[in-house]
Amino acid sequence: MASYHDTNWNHLFERAMRHWEEYCNSSDASLLDQAIGLMEQAIPLIPEANLNLPTVISNLSVFYHARYIGTSSSDDLSRAVLRAEKALEITPKGDPDRASRLTNLSNALEARYGTGERENDDLNHAIAASEEAVSSASNDDPDLYAMLNNLAKQLGQRYVDHHDLKDLHASIEALTRAEGMTPETKTGDRATILQQLGVRLHDRFLATGDRQDLDKAIQTTRSALDICPQSNKDFWTIASELGNRLGARYTITWEQQDLDEAIRITKKALDATPPDHLHRPMILADLSNRLGYKHSRTEESSDLKNAIWYCQQSLNLTKDGDSHRPRRLNSLATLLYRRYLAHRDTEDLTKSISNMRKCLPLTGTGHSHYAGWARDLSMFLSHARDENADESIKWAKIAVAKTPKGHSERAAFLIHLATGLLKRSPKDQARSKEYLLEAFYDSACPIGDRLSAGRHLLLNMKSLFVQQDDMESAYRVAEETIGLISLFAPQHLQNEDKQNVLTLAVGLASEAAAVALAIRKDTADALRFLEDGRGVLLGSLYDLRSNIETVGQQYPDLASQFIHLQQRLNTPALSANDTDARTAGISGGTAVLSTDQRREAGESMKELVATIRSKPGFEQFLLPPSSSEVLTAATEGPIVVLNVSHLRCDALVIKSCGIHCLPLTQLNYEDVERRSTKLREDLDLAWLWDAVVGPVFDFLGFNTTPLGNQWPRVRWVPTGALIKFPLHAAGNHLKGGGETALDRAISSYSPSVKSIIHSRQRQAMGEPTASGANDRNLVLVPMEKTEGHHAHLSQVPKEIATVQRLGEEMHLSIDLPACNKNDVLASLQKCRILHFAGHGFTHRTQPLKSSLLLRDWKDHPLTVQSLLDIDLASSPPFLAYLSACGSGLVDHEKSVDESIHLSSAFQLAGFRHVVGTLWAVNDYMCVEMARLVYEHLKRNGMTDASVSTGLHHATRYLRDVWARSVNPALGGSRESERPGKYYGPGEKKKSRVGLEPLWVPYVHFGV
């Protein structure tokens, strides 16, 4: 029979548990207070031998811990620890409840450690209790996954405090076990475990630099977000962490997909964060940072506008005294500065400087970001009034002085200081050269910074080297710069990302080649620099010997090493306000480690490239074409590489007997740049003849108009802004006398010598017989009307009908696929000639997005990128005739070295010949040009020579019609030849009717 005391304590215990349950449902603190009071009354009434005593004491520990969470009372937390210790003390080993009591003690100790008091080595004792709990629990214990999660959390905290990798590895192992045994119904717990696993994997990436851990961290955090309801209180935290990790990976790989997802996920995190939440300013700042990255890539003003708005909101919510306030002031200042550069609104610049003047006093000079912020203020001041020049230099010197040698950011600070000194006295210029050379040869700094230093050295060649008679040093810089370019765009990047990265190297190859020519090095050296430093993206696709995927087919281990080392070498340095870069593990705190790793990676890359080149078939890996290959490419006519640089301008004339340098003394960089900005409006074909084409033809002996069919051929490889110019149309067309390119030779274009070599190496199709042609089609794609495009191309039906009639007379089967991306691409598999008549779109800043506008152009555009993804080389089509505006145009100054446009994309896809255009073309002229070209093909057969010859004679004929109309002294013109026929209704009102040479923009690419 139960005693009075037994009955009384049990009654108190039951009442306490009812209050606890009611508290858990209502969060009414008074209920928790009552539960604790009843438990304290019950415990003294329980005999020590009663087996329920440990349970009651353990529950009381839990109650005190719960009240501590609500009140932050250290007394409650101490009582929770004491009660948990007592409960464990009287629980024998082997008791099935011992594991749960160990967990209670562990949680209480962990909480006390987190208060900052950290008494009696609380965290170590907590970990020991969790380890015992895990080891004592059975494998089928339903709470084992939670015990493992507790242990992992505590091990992770000890790693954060003491940086012992053993703790980090153990934490990841425990979380991996916990994730594997969490019941599917416990989605909330599963999301928490996955989130913590993502945190620890990211910590290990920061510690070791192993990219696989960052990739796994992203995968696990994404999985956590997928199963976490948006209404869950932890949703914003998980989303924010995923955005941070994607942003971190973007700063390493520069892959657009990561940046786009980071922005989308961070917006989700922001939407889920309460307006008054402590972390809302942080998420606003992260979103601003990523939109700033996007603007750097796209140059879309809306991205910058949004980045500034989110940054301002973040700053508005950041209180005075908050440690994050200086960083957010700097972020806003930087974004406003970028808007100033875009629009030259001095108010933006004034605000940038003002924000930086507020930022710097908030941090001590020993702050890890002080040097970077000092550089930023210097940069902003350098654009202000002249009286700010000395202050700008002062802050630039502070940035360098605060950054020790070997630090990954020192090179960037040296470059900035050097550029400021370049504008000053000869003594300052000498210092500038020293600083730039230090940055350039510092193998510890990112390749991008080294290329930037090389750019400043090469662009200031005259003041830094020529005037000091130090051209041998200049040559060493040029050679090293070209070597860096080939390593700058990792092979693993998608083409769009690689093209974006390579904009940072634009123009360097031309400057390096000019240095080689200036000191009278072998002309082949200059050509090597141009081939190695230009067209890197297309070159990597053209030259299978240098494609790491090809290496991987025979030597997968070497290919894997190469990709890994490229990733390490391209890890950028941290900018002071760059939260994503800090998340990527490249903050000032890890500078020594990353410096050592980068230097080691640089040496390893040199050894690896040498190893790959030692393998049979890969002797030319990452090297330009051999001399014999270059000379062989010129057997059917000279190749003329036109180099435009700040130092000098030259034509490298490649003939089968050798390579010759022809200085172009009437050509200069500034003139080419100026004329290229308004090329069509102020087209000066006579200047182009006098400065470029005429001297080249005189050198080649092309002095008269050939008789009969013995026309010489020349293949132009222009560089820089000269790629926009119609070299084939140069001349004095209205004077008579044959001083024009059209009257001396047949012209073709190519982005590089390498592409000519590659085209020649493809199997020639030969001249088809009438019967043999029937197995390949003439694919016709008419786009008279394009949704969303205002211009109606009324002459497209006539053009297509003309081409179809001539194609049938050439015994070609006609294929008229549906005018959408998939059907057109599918038709190319059995295509001999593709003729597109419609609108083309040239994307100014992202040429891989340039496209032919089909019916589904809004949702599924046929872009340059989609053409690079196909390969028709096993059965190459003969001709792509692109009767569309700007199909051979590169419209952005940062993309001229890559020559990425629709025409080069069709050529790379496998077409032997491409007819394209340099700018917008006239609808009526397109009909005439196409008719004349196809009539020539019909008469002369589809040979390699017939395309360029046909386009040449068609252009020459239409030029003659235009010239006789404009200048009757040349022989007058028949009414049918008047240029007015090439203008549509209403166009004759234009002032330039009859004057604009509409025949100019048509060009040939191919062998």
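The values are calculated or read from the model by the stated rules, or taken from the named source; none is laboratory data. This structure is a prediction, so every number in the text was calculated from the model and none was measured. In this analysis, Cβ positions are derived from the backbone assuming ideal geometry, glycine residues included, and neighbour counts consider all displayed protein chains. Ligands, DNA and RNA are excluded from the accessible area calculation, which covers all protein heavy atoms including side chains. Shrake-Rupley method; radii C 1.70, N 1.55, O 1.52, S 1.80 Å.
One line per residue, one yes/no per condition, for (1) of a type outside the set (Phe, Trp, Tyr); (2) in contact with a strand residue (DSSP E or B) (Cβ under 6 Å, 6 or more places away or on another chain); (3) open to solvent by 40 Å² or more (accessible area, probe 1.4 Å); (4) closer than 18 Å to THR221 by Cβ:
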{"residue": "ASN139", "(1), (2), (3), (4)": "yes, no, yes, no"}
{"residue": "ASN150", "(1), (2), (3), (4)": "yes, no, no, no"}
{"residue": "THR176", "(1), (2), (3), (4)": "yes, no, yes, yes"}
{"residue": "ASP189", "(1), (2), (3), (4)": "yes, no, yes, yes"}
{"residue": "GLN195", "(1), (2), (3), (4)": "yes, no, no, yes"}
{"residue": "ARG200", "(1), (2), (3), (4)": "yes, no, no, yes"}
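It is to be established whether one or more residues within the range 175-182 are modelled with pLDDT of 90 or more and either among the β-branched types (Val, Ile, Thr) or over 26 Å from ASN104 (Cβ atoms) (or both).
So far as the range 175-182 goes, yes, one or more of its residues are modelled with pLDDT of 90 or more and either among the β-branched types (Val, Ile, Thr) or over 26 Å from ASN104 (Cβ atoms) (or both).
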Out of contact with any Cys (no Cβ under 8 Å at 6 or more places or on another chain) and surrounded by 15 or more Cβ atoms within 10 Å (Cβ to Cβ), is that true of ARG67? yes
Which condition from (1) polar (S, T, N, Q); (2) in a helix (DSSP H, G or I); (3) modelled with pLDDT under 90 is the one that SER368 breaks? (2)
Looking only at the range 388-412, filter to residues that are of a type in the set (Ser, Thr, Tyr) and part of a loop (DSSP other than H, G, I, E, B); which one of those is nearest to ASP428 (Cα to Cα)? THR403
Taking the residues in the range 373-391 that are surrounded by fewer than 24 Cβ atoms within 10 Å (Cβ to Cβ) and more than 15 Å from THR350 (Cβ to Cβ) as candidates, determine which candidate is modelled with the lowest pLDDT. ASP386
Across the range 850-880, what is the number of residues that are more than 22 Å from THR943 (Cα to Cα) and in contact (Cβ under 8 Å) with a residue 40 or more places away in the chain? 17
In the set MET17, MET39, the lone residue that is within 30 Å of LEU144 (Cβ to Cβ), out of contact with any Phe, Trp or Tyr (no Cβ under 7 Å at 6 or more places or on another chain), in contact (Cβ under 8 Å) with a residue 12 or more places away in the chain and assigned to a helix (DSSP H, G or I) is MET17
Within the range 881-902, is there a residue that is modelled with pLDDT under 90 and within 18 Å of MET942 (Cα to Cα)? no
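Inspect all residues belonging to the range 77-91 and state whether any of them is of a type outside the set (D, E, K, R), in a loop (DSSP other than H, G, I, E, B) and open to solvent by 10 Å² or more (accessible area, probe 1.4 Å).
Yes, that holds for at least one residue.
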Selection within the range 722-741 - closer than 16 Å to VAL640 by Cα and part of a loop (DSSP other than H, G, I, E, B): PHE725, PRO726, ALA730, ALA741
Filter result for the condition that a residue is of a type in the set (A, V, I, L, M, F, W, C) and either farther than 18 Å from GLY243 by Cβ or surrounded by fewer than 20 Cβ atoms within 10 Å (Cβ to Cβ) (or both), over LEU259, LEU287, LEU349, LEU291: LEU349
Would you mind stating whether ALA411 is over 30 Å from LEU278 (Cα atoms), open to solvent by less than 40 Å² (accessible area, probe 1.4 Å) and at pLDDT below 95? yes
Restricting the search to the range 856-874, which residues are under 19 Å from LEU780 (Cα atoms) and open to solvent by 50 Å² or more (accessible area, probe 1.4 Å)? TRP857
Just to be sure I understand the filter: pairs with C-beta atoms under 7 Å, separated by 6 or more residues or on different chains, first member in the range 605-631 and closer than 17 Å to ILE757 by Cα, second member among the hydroxyl-bearing types (Ser, Thr, Tyr) and at pLDDT below 85. Which pairs pass? GLN620/SER546; GLN620/SER626; PHE621/SER546; LEU622/SER486; LEU622/SER546
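Does SER425 satisfy the criteria of being open to solvent by less than 10 Å² (accessible area, probe 1.4 Å) and either over 28 Å from the mean Cα position of the chain (by Cα) or charged (D, E, K, R) (or both)?
Answer is no for this residue.
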Counted residues, the range 789-814 - those being in contact with a Leu (Cβ under 9 Å, 6 or more places away or on another chain) and crowded, with 17+ Cβ neighbours inside 10 Å: 8
Which count do you get for residues in the range 674-708 that are loosely packed, with under 15 Cβ neighbours inside 10 Å, among the polar types (S, T, N, Q) and in contact (Cβ under 8 Å) with a residue 40 or more places away in the chain? 2
Would you confirm whether any residue within the range 666-673 is farther than 17 Å from SER747 by Cα, in contact (Cβ under 8 Å) with a residue 40 or more places away in the chain and open to solvent by 30 Å² or more (accessible area, probe 1.4 Å)? yes
If you check every pair at least six apart or on different chains, which have Cβ atoms under 7 Å apart with a residue in the range 950-972 that is acidic (Asp, Glu) first and a residue that is at pLDDT below 90 second? none
